[in-house]
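What follows is a short report on a single structure.
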Amino acid sequence: MKGGAKVVVEPHRHEGVFIARSKEDALCTLNSTPGKAVYGEKLISVDGPPTADGATTKIEYRVWNPFRSKIAAAILGGTENIWMAPGSKVLYLGAAAGTSVSHVSDIVGPAGCVYAVEFAHRPGRDLINMAKSRTNVIPIIEDARHPLKYRMLVGMVDCVFADVAQPDQARIVALNSHYFLKNGGHCVISVKASCVDSTAAPEAVFAQEVSKLRSEGFKPLEQLTLEPYERDHAVVVAEYRAAKKSK
Amino acid sequence: MSSLRNAVKRKTHKERAQPASRSKFGLLEKHSDYVLRARDYNAKRDRLNALRLKASLRNPDEFYFGMHKAKTKEGVHQVEGSSSLDHETAHMLKTQDMAYIHMKRAVDIKKAERLKAGLHMLDAPPQNTHTVFVKNKRQRRAFDAAEYFDTAPELAGRTFNRPRMATLESKQVLGAESRADLKKALKQRDAAYQEVEAREERARKMTRAAAHLAAQRALMTARGTVTKVKGAEKGQPPVYKWKRQRAK
């Protein structure tokens, strides 16, 4: 998308995320590989503030599709904090082809790190190809149910994101958190109601998942549904082993 | 006798095309194109004049034996209608119609998806439910959205982006300087939203048309007595029931 004078890019409350208003009404992240799109998404170019010697810089952003990515839908849904600040380490379970992972990698920047876990081989191939051009993404083609199998690749992380769409996802997240998530860290889980229990009402399923997390040492902070981007989906944000505040 | 004209190359004049700024008027017509158009027009005009002449010089007492069977309606000769299609041909043509409808539906859905990748409905009123977990009833009563999100009170309802106070103070908005720059782009955006809506509506219509066609096709191949169970309602075709018979 051309035209520096025809786009307005406003910074989002979450660092590293932006909103572009013009011909398109889009959520976007700063492109760490300028000029290249990862999965055919639109690129937005804006004239940046002029540098000290008066030269104009061009800043490039990549559009983040909330209809495909649960994190983007949660951000536009108004979550208070995604806990993926620049420089943080993120464990991403259920990375698929790496479309969302590339955006998280843009957010955490070169100082941060994204450990992307995906079990299926075909999307895993795309994930590895994407990771070739982004040095802060570590692709792990392994089953997230057995974190011990990739324990030598992952250090302590600040945030765990899970989009695994499995009925036992609370257990998977808890297991990975016990090994890799720091105390006081956070987890962001995308829950698909029909995946966990297709017969129960979505509200009941979300409440059940929250209570499962509580029993594993998580303190839920917020829960939001992803309408109008997804139906019967919710994102739960929780704190892990929060430090007890002395009264 | 060879002359210098054969040896010295002359500049070949190339045909000039429509300028790019006038490309919306199509191909630039040359004399050869005009001649084709004029010849066609004149031929048609002459043919019509000849028919008018013949009609004015008609003999009212003319008779042909074909007039016994021919039919006229209000003085105009009615050409005999082609015989209706036989059953199998009709069934096959309906299958082709079904494939066409499915194709058009898929085209609309894909185009709508491609457009929605860049149009995230930011100005729409929020439709989701956001639950915040607090410690006790006292905190629930004292809950304030602007305080929880650390934002200005007038931005508390702006779901898609509630900038923190620190962001409001330090970061700046990049890009266009004035609303006038953006006006054309915003108009295109509104048009794009309407296109998404129109394409999704048409995809829904295609689905309904496909349902009707599928019902018709099933009825064509139904054997035995057919009973109507439910009438057509809410765009769905009527529901019929028949006993399944083994084709021998």
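The values are calculated or read from the model by the stated rules, or taken from the named source; none is laboratory data. Worth saying up front: this structure is predicted, and the values here are computed from it rather than measured. Because the Cβ atoms are built from the backbone with ideal geometry, glycine has one as well, and the counts that use them run over all protein chains shown.
So is A:Thr57 among the hydroxyl-bearing types (Ser, Thr, Tyr) and more than 16 Å from B:Arg162 (Cα to Cα) or not? Judged against the criteria, A:Thr57 is a match. Screening the stretch B:126-137 for residues that are surrounded by 14 or more Cβ atoms within 10 Å (Cβ to Cβ) and among the polar types (S, T, N, Q) and picking the one that is farthest from A:Tyr39 (Cα to Cα) gives B:Thr131.
Pick from B:Ala185, B:Ala203, B:Ala156, B:Ala215: which is under 20 Å from the mean Cα position of the chain (by Cα) and of a type in the set (A, V, I, L, M)?
When all the criteria are applied, what remains is B:Ala203.
Evaluating A:Ala20 against the criteria (1) over 26 Å from B:Leu182 (Cα atoms); (2) modelled with pLDDT under 95; (3) surrounded by 24 or more Cβ atoms within 10 Å (Cβ to Cβ); (4) not hydroxyl-bearing (Ser, Thr, Tyr) leaves one unmet condition, (1).
Mind checking whether some residue in the stretch A:4-20 is among the basic types (Lys, Arg) and more than 9 Å from chain B (Cβ to nearest Cβ)? Checked against the condition, which is being among the basic types (Lys, Arg) and more than 9 Å from chain B (Cβ to nearest Cβ), the stretch A:4-20 yields no hits at all. Scanning the stretch A:158-175 for residues that are under 14 Å from A:Arg241 (Cβ atoms) and buried (at least 24 other Cβ atoms within 10 Å of the Cβ) gives A:Cys159, A:Val160, A:Val173. Scanning the stretch B:102-125 for residues that are surrounded by fewer than 16 Cβ atoms within 10 Å (Cβ to Cβ) and of a type in the set (Val, Ile, Thr) gives a single hit, B:Val107. One residue stands out in the stretch A:145-161 among those that are outside any loop (DSSP other than H, G, I, E, B) and not hydrophobic (A, V, I, L, M, F, W, C): the one that is nearest to A:Met84 (Cα to Cα), namely A:Asp158. Within the stretch B:127-143, the residues that satisfy the criterion of being part of a loop (DSSP other than H, G, I, E, B) and at the interface with chain A (Cβ under 7 Å from one of its Cβ atoms) are B:Gln127, B:Asn128, B:Thr129, B:Phe133. Quick one: would you say A:Ile59 is closer than 16 Å to A:Pro11 by Cα and in the same structural domain as A:Ser32 (by TED's automatic domain parsing)? Against the criterion (closer than 16 Å to A:Pro11 by Cα and in the same structural domain as A:Ser32 (by TED's automatic domain parsing)), A:Ile59 qualifies. Candidates B:Ser32, B:Ser84, B:Ser56: the one that is within 30 Å of B:Leu219 (Cβ to Cβ) and loosely packed, with under 10 Cβ neighbours inside 10 Å is B:Ser84. Among the residues of the stretch B:144-166, is there at least one that is in contact with a strand residue (DSSP E or B) (Cβ under 6 Å, 6 or more places away or on another chain), buried (at least 16 other Cβ atoms within 10 Å of the Cβ) and within 16 Å of A:Thr79 (Cα to Cα)? Yes, the stretch B:144-166 contains at least one residue that is in contact with a strand residue (DSSP E or B) (Cβ under 6 Å, 6 or more places away or on another chain), buried (at least 16 other Cβ atoms within 10 Å of the Cβ) and within 16 Å of A:Thr79 (Cα to Cα). Among the candidates A:Leu226, A:Leu213, the residue that is facing another protein chain (nearest Cβ under 9 Å) and of a type in the set (A, V, I, L, M) is uniquely A:Leu226.
Looking only at the stretch B:91-101, which residues are touching a residue at least 24 places away in the same chain (Cβ under 8 Å) and exposed (fewer than 14 other Cβ atoms within 10 Å of the Cβ)?
Result: B:Thr95, single match.
Number of residues in the stretch A:189-221 that are touching an Asp or Glu at 6+ places or on another chain (Cβ under 9 Å) and either within 10 Å of A:Glu239 (Cα to Cα) or free of Cβ contacts under 8 Å to residues at least 12 places away in the same chain (or both): the value is 5. Determine, yes or no, whether B:Ala210 is closer than 22 Å to A:Asp25 by Cα and modelled with pLDDT of 90 or more. When the stated conditions are applied, B:Ala210 does not pass them. Does the stretch B:100-115 include one or more residues that are of a type in the set (Gly, Ala, Ser) and in contact with an Asp or Glu (Cβ under 8 Å, 6 or more places away or on another chain)? Yes, the stretch B:100-115 has at least one match. Scanning the stretch A:204-228 for residues that are at pLDDT 95 or above and under 29 Å from B:Leu119 (Cβ atoms) yields a count of 6. If you check B:Thr72 against the conditions, is it exposed (fewer than 13 other Cβ atoms within 10 Å of the Cβ), at negative phi and part of a strand (DSSP E or B)? Yes.
For the stretch B:156-163, the condition of being out of contact with any helix residue (DSSP H, G or I) (no Cβ under 7 Å at 6 or more places or on another chain) and in a helix (DSSP H, G or I) holds for none of the residues.
Can you find a residue in the stretch B:190-199 that is out of contact with any strand residue (DSSP E or B) (no Cβ under 8 Å at 6 or more places or on another chain), within 14 Å of chain A (Cβ to nearest Cβ), at pLDDT below 90 and not in a loop (DSSP other than H, G, I, E, B)? No, the stretch B:190-199 contains no residue that is out of contact with any strand residue (DSSP E or B) (no Cβ under 8 Å at 6 or more places or on another chain), within 14 Å of chain A (Cβ to nearest Cβ), at pLDDT below 90 and not in a loop (DSSP other than H, G, I, E, B). I need the full set of residues from the stretch A:43-67 which are within 13 Å of chain B (Cβ to nearest Cβ), surrounded by fewer than 19 Cβ atoms within 10 Å (Cβ to Cβ) and part of a loop (DSSP other than H, G, I, E, B), in order please. The answer is A:Gly48, A:Pro49, A:Pro50, A:Thr56, A:Thr57, A:Phe67.
For the stretch B:76-113, what are the residues that are among the basic types (Lys, Arg) and modelled with pLDDT under 95?
Selection gives B:Lys94 alone.
Once the stretch B:59-81 is narrowed to residues that are in contact with a strand residue (DSSP E or B) (Cβ under 8 Å, 6 or more places away or on another chain) and of a type outside the set (D, E, K, R), the residue that is nearest to B:Thr221 (Cα to Cα) is B:Gln78. The single condition among (1) closer than 14 Å to A:Ala96 by Cα; (2) in a strand (DSSP E or B); (3) among the β-branched types (Val, Ile, Thr) that A:Val188 does not satisfy is (1). The number of residues in the stretch B:13-71 being over 44 Å from the mean Cα position of the chain (by Cα) and among the aromatic types (Phe, Trp, Tyr) comes to 3.
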